[in-house]
1. What value, in deg cm²/dmol to 500, does the helix sum -39500 (n - 2.57) over DSSP H runs of n ≥ 4 give at 222 nm once divided by the residues of chain A?
2. Just the Cα atoms of region A:218-269: what Rg and Dmax do they give in Å?
3. When chain A is turned about an axis onto chain B, which of its residues keeps its C-beta closest to that axis, and how many Å is it?
4. Using θ = phi - 60° and the Karplus curve 6.51 cos²θ - 1.76 cosθ + 1.60, what whole-Hz ³J(HN,Hα) does each residue of region A:164-170 get, with Gly and Pro shown as x?
5. Where the Cα atoms of region B:153-305 are projected onto their three principal axes, how long is each span, largest first, in whole Å?
6. Anything over 25 Å Cα to Cα? Flag those among A:Lys77/A:Lys198; A:Lys61/A:Lys205; A:Lys141/A:Lys198, in the order listed.
7. Rounded to the nearest Å, what's the spacing between the alpha carbon centres of region B:291-325 and region A:251-281? Just the number, please.
8. Compute the distance in nm between two label points, each set 7 Å from the Cα along the Cα-to-Cβ direction, one at B:Ala289 and one at A:Val243.
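Every number here is computed from the coordinates shown, using simple stated rules; none is lab data. Keep in mind that what you see is a predicted model, and the values were worked out from it rather than measured. Quick reminder, even Gly has a Cβ in these numbers, built from the backbone with ideal geometry, and neighbours come from all protein chains shown.
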2 protein chains.
Amino acid sequence: LERLMLSLAEKVLAGDTRAAARLITLLEDGSPEALAGLDALYSHTGKAHIVGITGAAGSGKSTLAASLTGCFRRQGKSVGIIAIDPTSALTGGAILGDRIRMQGHSCDDGVFIRSLATRGWAGGLARAALGAVCVMDAMGKDVVLVETVGSGQVELDIFRAADTTLAVVTPGAGDDIQMMKAGILEVVDIFVVNKADKEGADILKAGLEDMLRAAERHKDEWLPPVILTEAVADRGTEALAGVVTGHRDYLAATGGIEHRRRERTRLEILENLAGITGDAVNEIKTNAAFDKMVAGVLESGASPRRAAAELVAVLAANLSRRKNS
Amino acid sequence: LERLMLSLAEKVLAGDTRAAARLITLLEDGSPEALAGLDALYSHTGKAHIVGITGAAGSGKSTLAASLTGCFRRQGKSVGIIAIDPTSALTGGAILGDRIRMQGHSCDDGVFIRSLATRGWAGGLARAALGAVCVMDAMGKDVVLVETVGSGQVELDIFRAADTTLAVVTPGAGDDIQMMKAGILEVVDIFVVNKADKEGADILKAGLEDMLRAAERHKDEWLPPVILTEAVADRGTEALAGVVTGHRDYLAATGGIEHRRRERTRLEILENLAGITGDAVNEIKTNAAFDKMVAGVLESGASPRRAAAELVAVLAANLSRRKNS
């Protein structure tokens, strides 16, 4: 299996789409071997422009991603798309990626699309997503679009780990308030008012601009622009693509790109550590001794906090056993 | 401080609302002393009926909670309400609770309302919420309503930790699909179609019922009913309150109540363990040595996974130091 992973990694470096797809699927499944398979790729990353896209359901994120992809392709850039779709077992996930796939880029070799769903377990999604970004960067994609749906902490972590972050809002959807609640406002580089043909687009744009001006900023700091688009008709997206690239240039000129990459690496190390810790906790949870402890705590009216303190020693021992694997 | 907590706990057991409010605020702030202050309360819990309420923004959850509270009060039951509101620093949180407070129960001694917001940090929200449930149970509330907003994993964990779970949907909002995506469908005991005066309420009800019948269930298993309400006019909520109590009776008759309480204790132990682990990881993150490691990994093109493996030993040592605190 280890040898298979090495050969997959080699093929990824040669730009092999099928190998990349296979590796990402294994990452999605949480395969430890696939995670180890990434080790050889990191020294070949750092060239792609990672662009995060978020927005409420129905805001037209996927259509926008497809339209932006068209723009970058016309500039001769290759594009990778990762659609993060935290879904229950019931719907089975992978909806967004399929939607994009249908929108005209399915026959284009320069576009590589994968969706990532967690199958019931939220842990590991950020780790898998960052692994998928590594794969797409290493295989030579110039731009990697990372599309997130929900407003949970994990999605927010993935979103803000991009070099450039886009938030898509639409007129009349009350998105502006939703955004603030999710803590997204503070980390957005570019606002997109999509479905700009709808009533209220200009008011929404003006409102966002007011809000952004009101936020305290340092001199020379990037002031997030608000761009009007009608992605379904490819209107405004060419200008948006220009602003996205402009943000990258701004980051490169100010040293911001190294800062973003450091933040991303930081998150990736911590997500890997969380993965190892999660495995160790899982070992505790699935042990019959834990069921017995729970029953005992409940019966005696003992404190869950004290029970947890007792488990700390078990966890530390589990981790010590894992440290060399 | 420890003595203060003991006295707060004693006052909570005597039903003192101000002491309870103070303890919950300290829990919200993540105070270790407040967590320890709960220790004495657990042997006095297990009497309250814990009811989880979730639904999309605008579904009328808070109005429904207020109307349900009125129903329980008329039955002579005391009610506690915990509104979970994960909010960014920008909006400041605590919106829902205030909204409920204004809806007529503010002068009623039998109703105790607290909202919980995490200030920027999602970790610890579930632990604080379960702690607040413990406080309200121990102070003698007959029914504790726990209202969650978002569809993130933490909110889902809190929601499903209730004895009885209510999902609020509204006609024409596309909520049904949203629900499935969040993995909520599988854990809902009662569906509420609120704003039932709107067009499409009957179709939504029929659609939900079809979906529920299609899901495989064991014989004798609870089939989630779908209840129409117009909470703003107190219409249908009296019947809903009856179904909520009926579900508790069902649980009591089938032994399900012990199962739910075990699941809740299980979660509470694990959330406390996660809190201790989070503190230990935080110690690593805020150490200058970690910044140096991140820079080194990035510069050398090393693997974040390998860096994480190196940190496991540090984490295990940190935990061993904490195990007796």
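1. Details: 13 runs with 174 residues, N = 325.
Using -39500 (n - 2.57) per qualifying helix, the result is -17000 deg cm²/dmol.
2. 14.2, 41
3. A:Gly152, 2
4. Running phi through 6.51 cos²θ - 1.76 cosθ + 1.60 with θ = phi - 60° gives 10, 10, 10, 10, 9, 10, 10 Hz.
5. Reported extents, whole Å, longest axis first: 62, 37, 33.
6. On the way: A:Lys77/A:Lys198 31 Å; A:Lys61/A:Lys205 17 Å; A:Lys141/A:Lys198 34 Å.
Listed pairs above 25 Å: A:Lys77/A:Lys198; A:Lys141/A:Lys198.
7. Between the Cα centres of region B:291-325 and region A:251-281 lies a distance of 12 Å.
8. Result: 4.5 nm between the two label points.
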